C-alpha cells in the first residue's frame, strides 16, 4: 500500500507544472458580435492568454473606467474604443502607456500616436447618403448647403454622436468649409439630432432625401435592397478609427502588447475586413461595395486640436442650430 502511494506521489511530482494562463482584460465599444470575433481570433493566435471583456458605448465605458480610476482600481489592460480624441485626452492625463508596435510601420503616420499611446485599427468614414428618388446626386459637402437644399438634409448631432463631433471638428477646420458651412446648413433648416441610425432611417424612408452617415450603415443596407446610395464627397471624408491603447495601470503588459500587435497585424486587419470595415493598415482590400482605398480621400484631422476645441465646438453648434 505504501509502495503504491509513493509511486503515485513520484508521478505527480515528475509531471510538468502547467503554466497558469495570463488573463487580459479588454474594454471595447465594438458591437458584441465583432468583439467576440476579435477575442476568439486573438485567443486562437495566443492560446495561453485568456480574455475577459466588457462591451458598452464609448461614453458609458469611459464613465465606468473613470469611476474605477477614482476608486483606485482600474480594471482594463487594453481599450479598443471608437475614437482617437477620447484616447488623446487620456494620453494627456497620463492614463495611457506608450507602446510603439512594430506593426505601425504598415500604417500612415496620421493614424497613430507619434508617442505610441494609441493605434487606429479601422476606418469608419462619414459621407453623404441619398434616397435614390432624390432629384439630384450630391458630389460634395458643399452641395448639402446649397440654396435648393432647404429642409432636405438630415444629420446626426455632435451633441449626441462622437463621430458627428469629429465630423464637425474636421469640417470647421477646413478652409473651404469652416463654420460658415454649418451656418448655411442651419439657415437651410437641416435637421441635426440623434445618431447615425436615425439619420439613415429618415433618408431610407424618404422623409429626408439627403443625409450624413457613416459608410458601412449605408453600403450594407444598399446591398440589402434599401433605396439609397452613398457618396464619398470630393473634398474627402471625415473618419473615426476605433483605436487600441494600453492603460498605464495595465497589470498584464506583455499580453496587452500582444493584443495590440495582433489587431494591427495582417491577420488582425483581415478580420476587420471580414467584419465589413475598411482596414486601417496599408495595402489591404476593402469590403464589397466600397471604392478602392486609394480612391478614398481622408480629410486632415488633428485629435489634439479636436480635443482642445470639443467643448467650444459643441457650444457654438448648439447656438447656431438653436438647441440646448
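Comparison of 190, 164 shows that the only residue that is over 19 Å from residue 299 (Cβ atoms) and crowded, with 19+ Cβ neighbours inside 10 Å is 190. Only a single criterion out of (1) in a helix (DSSP H, G or I); (2) modelled with pLDDT under 95; (3) out of contact with any strand residue (DSSP E or B) (no Cβ under 8 Å at 6 or more places or on another chain) is not satisfied by residue 135, namely (1). Total residues in the range 44-88 satisfying the condition of being under 21 Å from residue 309 (Cα atoms) and in a loop (DSSP other than H, G, I, E, B): the figure is 3. Among the residues of the range 74-100, those identified as surrounded by fewer than 20 Cβ atoms within 10 Å (Cβ to Cβ) and in contact with a helix residue (DSSP H, G or I) (Cβ under 8 Å, 6 or more places away or on another chain) are 75, 89, 92, 95, 97.
Filtered by the rule that a residue be farther than 20 Å from residue 244 by Cα, part of a helix (DSSP H, G or I) and without any contact (Cβ under 8 Å) to a residue 24 or more places away in the chain, the range 267-324 gives 293, 294, 308, 311, 312, 315, 319.
The residues in the range 159-174 that are part of a loop (DSSP other than H, G, I, E, B) and at pLDDT 95 or above can be counted, and the count is 2. For the range 101-124, the set of residues classified as assigned to a loop (DSSP other than H, G, I, E, B) and surrounded by fewer than 19 Cβ atoms within 10 Å (Cβ to Cβ) consists of 108, 114, 115, 116, listed by residue number.
The values are calculated or read from the model by the stated rules, or taken from the named source; none is laboratory data. Every value quoted in this text rests on a predicted model; they were computed, and no experiment measured them. Every residue, glycine among them, receives a Cβ derived from its backbone with ideal geometry; neighbour counts consider all protein chains shown.
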